[in-house]
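Input: a single structure, listed below in structure tokens.
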Amino acid sequence: MQLQALHFSGKKQLMELTWSVLLITGLFCFLYINQPKEVDWSKAPVKTAQLNIYIGSESHTGIQYLEVSHSRHYPITVTYKVLDEYLLQFTEQVLLTSPASIAPNTKTRVANYLPIDGMNQSGLGFSNFHTSYANNQNNITSKPYIPPIKAEALVKQAPNKDHFKPWMLKLNSHQGVNVNAIDFDVPIGTPIYAMAAGEVVSTYEDSDFGCLSKKCRPYGNELDILHEDGSVAAYAHLKQNGISVNLGDKVTAGQLVAYSGDTGSGGAHLHVQIEALQYSDDGETKITTLPLTFIDENETAIELSEGDYINATSMTATMMNRFNRAYYH
């Protein structure tokens, strides 16, 4: 049997072979070397529920309702969508207020409806139920922000693009509301700076618990800053006692506000996103995250993708950015 030698006619074939080798190596490391350790859930902190949802009915009228209360310090916005099959079961006596603003320590009725006669309905069917401190009245135009870190860092996750980078293994935990979030691969204790000016509306820094599983997500420390335009910046997975500002503080763009950690899920990294209300022509309003771009030292807007480096100074990071921008941006 005659063996044929492999020949590569050009740069493209060699690059495809290199990608394949990197992908196989990465998958091997992910599946066989970097297996998550068993989690000791006895060390998980106890978190007090801050949001309460009530579904009930008035005995004398038959009206059913949905009410929401919370124990946070600032008003929150609640959005939801009623499932289509439930809309067909209502009479004309319906009050649905989405979005609804919920004041602190106040039970607010956000849905009030009367089922069709004879309809034995146990509760209101809804989806896309989300809360946020965002309170913008109109859609916000995307703008560049100050980078949240000054150190060089790899972008582990960024909004999905129409390309695939094998060496990043294309993680997809950012979906739904978090679709435009960005993750930076930074060591514990990396200084974090405010991406824009605003007011501190939420802080949680008590946790020292984290693991690679998504089940640990509720135990991540987080800082939320409300901007003047009604959007909210969220900085997550912070170090225990790693928030350097207080609830109600006014912060300036570029001010030191926290230190990164490894609490919650995913290991040591920084997760950032800008939340806002998105209004559509059909009247539906939902909470979403805005696309994130940053401004560099030359006042140039930068859009980041997986595999890019922010604040690139080393030769490796600089070369990787040049390669990414040549082939992917």
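Need pairs with beta-carbon distance below 7 Å; first residue over 20 Å from Val201 (Cβ atoms) and within the range 125-139, second in a loop (DSSP other than H, G, I, E, B); sequence gap 6+ or separate chains.
Gly125/Leu83; Phe126/Leu83; Ser127/Leu83
Show the residue pairs that are 6+ apart or on different chains and have beta-carbon atoms under 9 Å apart, the first residue being within the range 39-63 and in contact (Cβ under 8 Å) with a residue 12 or more places away in the chain, the second being assigned to a strand (DSSP E or B) and of a type in the set (Asp, Glu).
Correct list of pairs: Asn52/Glu67; Ile53/Glu67; Tyr54/Glu67; Ile55/Glu67.
How about the range 226-329: which strands (runs of 3 or more DSSP E) wholly inside it have at least 3 residues that are under 30 Å from Ser98 (Cα atoms)?
232-243, 270-279, 285-289
Would you confirm whether any residue within the range 256-271 is surrounded by fewer than 22 Cβ atoms within 10 Å (Cβ to Cβ), out of contact with any Pro (no Cβ under 6 Å at 6 or more places or on another chain) and more than 14 Å from Asn221 (Cα to Cα)?
Within the range 256-271, none of the residues are surrounded by fewer than 22 Cβ atoms within 10 Å (Cβ to Cβ), out of contact with any Pro (no Cβ under 6 Å at 6 or more places or on another chain) and more than 14 Å from Asn221 (Cα to Cα).
A short reminder: the numbers here are calculations on the coordinates, not readings from a lab. Note that this is a predicted model, so its numbers are computed, not measured. All Cβ positions, glycine included, derive from the backbone under ideal geometry; neighbour counts span all protein chains shown.
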